[in-house]
Every structure is written in C-alpha cells, then in structure tokens.
Amino acid sequence: MEKRIYLDHAAAMPVHPGVARFAGQFPDGFAGNPSTIYREGLVAQETLAIAREKVAGLIGARSADSIIFTSGATESNNIAVRGTALRNAKKGKRIVASAIEHISVLNPAKDLQKGGFTLTLAPVDRYGTVDLDALGAAVTPETIVASVHYANNEIGTVQPIREVAEIVHDRGGLLHADATDAAGRIPIDVERDGVDLLTLSGNQLGGPDGVGALYIRPGIRVQPVIFGGGQERGLRPGTENVFSIACMGEAARLAGEEMPEESRRLRAVRDSLIAGIMEIEEAHLTGHPTERLPHHASFRFSRIEGESIQLAMDMLGIAVATGSACTSRTLEASHVLLAIGLTHDEAHGSMVATLGRENSEGEVPRIVRAVGETVKRLRAITSL
C-alpha cells in the first residue's frame, strides 16, 4: 500500500520533531501558574519569558513584551481588529481590509458595523495583490486600522507589505498584518516592514494547536475583547497555557533557523508540482505566478467541483484542500476566488496543495498523475 501524501499544511501542520523533543524535556508533574510568586510560578513566568523572546526574534520585534499569547490566530485577529477599533474609536470609526482577508478578520470587522463602524474592502487584482491606489483611497484620517495579509492562505500571494504600511501610516492609520501562513516561510521584520499589529499561529510554525500570538507595537492602545484577570498585559485574560506557549516559542526558533534552506527546498518542489499540473487540460494557476509562498500551489479546474476533487484524491491516498479550511464546511464559493475575478462556477473548481517538511520532489509524479486521473474521470461524469 502506498504511503499517504499530506498536502494541506495551511489547514494543520504536523508538530515539528524538534518541538516534540523539546516538549519531552518538561518534567513529569510540571505545574505552575505564572501569576503566582512561589517557585513553580516563577518557573512558569520564566518559561513564558523565554517563549516571548523566541517569537519576537522570529519577526524582528525589538521588545519581547510586545508579544501577547492567545489561543490561536482567530483570537489574535479578533483582538487586533476589534480591540484596536474599540479602544481608538474617538479618532474615527473606519476600518479597511483587503477583500481577501481571512474570515477571522472580516467577520469581526463586519460585526463592528453594528456599533456604527464602517468597513471598506480594498480590491485586489487577478493575482490577489492588493490594489495600492484603491487602498490609498480607502484609508482616510478617520481610519483606525487597516488589515492586510502578509500572504493569503488560499492562493499563496505575498503582499507588498512595506508599500501597504507606507500608505496606511501616511494617513495616520495602524496596519494589522495576518502572518499566519507567512511566518516561518518568508522573512518577516515588523520594524523594517512597518507593521503595527501582527498575528501568528503556533501550529503554522510547527507547534501545537490551540496557541497563537499577537505582536503589538509599543505605544499602541488596544482593549481586550474578553474580560477577566490581568494576564498578558490585561489583553488576554485567563491563565496562560504555559506548556503550549513554550512549544510555540521553540517552534518559532526552529522555523527561523531552518527557513532559508527549507523554503528553498519547498520552492523547488512547488515549482515542479505547478509545472506538472499545468500540463492538465484546462488547469489554471490561482494566485501570483512568482510572488507566492514557497510551499503553496493552488489551482482551479474547469467543469468540476473542488469537493469532488478532494474526495477523489483522498481515495487515492492524497490529502488536498479546496479553499480555506475555515470556509470549506460551506457550499458557497470562496470569497477570495470571487475577489480575484472568478465566476462562481470557476471558483467552485479549486484545489490547494500546501507542502511541508515530509513532502519531497519524488512525490510530484504521483501527485500529478493522481490529479490528472481525477480531473479526467470527474469531467466525464460532471453535469457542469
């Protein structure tokens, strides 16, 4: 029986072996609440401090205190959008986001509209690159925060984040960047790039599920979106998940250390995969042809459904995605693919393959063959 091939690392990544080894170093019976001052609590405090340093190092943050830990990217995005908007509402009630932001950015922004905020979506071109002129027109002196992905999770397009930051800052706004899929894949430096708030996911760095982080530039005012104690500078109440946070910190350290070589390796696998699949009749690459994440390959196929591709590939021992994992439970066309100009029928025929450390170029012929067979068989029985 052939080994399964996993190509959905944008949805969930296996824990890095180095993180698993690091986790094994924790002593049996490890306990300690970081809010206490006895020995176990002080050990927990030190554990969190080390993890903050590691995460700050990955993104070029000057101060480890600018990192707050959360339950994951969704919570970080909510704090960044809702917390920043509500805390600074005296300035104005305008929010801007690119049209292809993750739903954990768009939905909090839409919910704020119930409280009198306005949301403007900046369009993107056919590759998913944000329209800088349109962004400039959308951001006004009353805009509190603009949210633009470092790179999109569905089509892999990397945004010109420094140019975006200049536009937002010239108009007095703050820039939030969701770096969930970009961190550990491409170099990120919040100081160089001018990012004010930045979202990270522990799992997307090769750490455990259920932990994330939010970078907040010193001096920026944000209010919590849930209320309780004073943990994480009062912005994320609740006892910290010390074990998972420590593992996220180690994952961040390893990601930064391995990124140059691993990204180079995955880029070669990605390019080989794209070249093979583009030989299939009526196969189309989605996202930018060159300015894309090194591990990301996304396509659409005419006259078939993405869900059918996913199920058929699964039967052939290969796991792929169709759109974002956070929206694939619905039958609606992806808002990302519609935003880049695809019709509903075209958007329904998507397939996303995101690579990881266990994937190799030797798997590419089998993947390409499976996709070709799947597309041919599905087109023979489709009613589209």
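The values are calculated or read from the model by the stated rules, or taken from the named source; none is laboratory data. Here the structure is a predicted model, which means the values were calculated and not measured. Cβ: placed from backbone, ideal geometry, glycine included. Neighbour counts: every protein chain shown.
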- Item | Among the residues listed as 332, 373, the single one being assigned to a loop (DSSP other than H, G, I, E, B), outside the structural domain of residue 121 (by TED's automatic domain parsing), out of contact with any strand residue (DSSP E or B) (no Cβ under 9 Å at 6 or more places or on another chain) and acidic (Asp, Glu) | 332
- Query: When residues of the range 350-384 are filtered for being farther than 17 Å from residue 298 by Cα, surrounded by 13 or more Cβ atoms within 10 Å (Cβ to Cβ), under 29 Å from the mean Cα position of the chain (by Cα) and without any contact (Cβ under 8 Å) to a residue 60 or more places away in the chain, how many remain?
  - Reply: 0
- Task: Please determine, by comparing only the residues of the range 4-31 that are outside any loop (DSSP other than H, G, I, E, B) and among the aromatic types (Phe, Trp, Tyr), which one is farthest from the chain's Cα centre (by Cα).
- Result: 22
- Query: When residues of the range 166-190 are filtered for being out of contact with any helix residue (DSSP H, G or I) (no Cβ under 9 Å at 6 or more places or on another chain) and polar (S, T, N, Q), how many remain?
  - Reply: 0
- Message: Looking for something farther than 15 Å from residue 83 by Cβ and crowded, with 20+ Cβ neighbours inside 10 Å - is there at least one such residue anywhere in the range 259-268?
- Response: yes
- Item | Test: residue 228 is in a loop (DSSP other than H, G, I, E, B), surrounded by fewer than 24 Cβ atoms within 10 Å (Cβ to Cβ) and at pLDDT 95 or above | no
- Test: residue 183 is crowded, with 24+ Cβ neighbours inside 10 Å and either touching a His at 6+ places or on another chain (Cβ under 7 Å) or closer than 29 Å to residue 337 by Cβ (or both): yes
- Got a number for residues in the range 107-116 being out of contact with any helix residue (DSSP H, G or I) (no Cβ under 6 Å at 6 or more places or on another chain) and more than 29 Å from residue 288 (Cβ to Cβ)? 5
- If we keep only residues of the range 293-318 that are in contact with a helix residue (DSSP H, G or I) (Cβ under 7 Å, 6 or more places away or on another chain) and part of a helix (DSSP H, G or I), then the residue nearest to residue 332 (Cα to Cα) is 308
- Query: Do any helices (runs of 4 or more DSSP H) lying entirely in the range 32-98 carry at least 1 residues that are closer than 14 Å to residue 242 by Cβ, and which ones are they?
  - Reply: 39-59
- Taking the range 130-150 as the region of interest, how many residues are out of contact with any helix residue (DSSP H, G or I) (no Cβ under 9 Å at 6 or more places or on another chain), touching a residue at least 40 places away in the same chain (Cβ under 8 Å) and not in a loop (DSSP other than H, G, I, E, B)? 1
- Does residue 64 satisfy the criteria of being touching a helix residue (DSSP H, G or I) at 6+ places or on another chain (Cβ under 6 Å), modelled with pLDDT of 95 or more and among the aliphatic types (A, V, I, L, M)? yes
- Do the conditions hold for residue 12, that is, is it out of contact with any Phe, Trp or Tyr (no Cβ under 6 Å at 6 or more places or on another chain) and farther than 26 Å from residue 216 by Cβ? yes
- Task: Starting from the range 76-90, take each residue that is of a type in the set (Lys, Arg) and list its partners that are surrounded by 22 or more Cβ atoms within 10 Å (Cβ to Cβ) and outside any helix (DSSP H, G or I), counting only C-beta distances under 6 angstrom and pairs at least six apart or across chains.
- Result: 87/222
- Flag if residue 35 is among the hydroxyl-bearing types (Ser, Thr, Tyr), assigned by TED's automatic domain parsing to the domain that holds residue 247 and within 21 Å of the chain's Cα centre (by Cα): no
- Query: Does the range 159-167 include one or more residues that are part of a strand (DSSP E or B), over 14 Å from the mean Cα position of the chain (by Cα) and over 26 Å from residue 13 (Cα atoms)?
  - Reply: no
- Query: Residue check, residue 200 against (1) under 16 Å from the mean Cα position of the chain (by Cα); (2) part of a loop (DSSP other than H, G, I, E, B); (3) among the aliphatic types (A, V, I, L, M), all met but one. Which one?
  - Reply: (2)
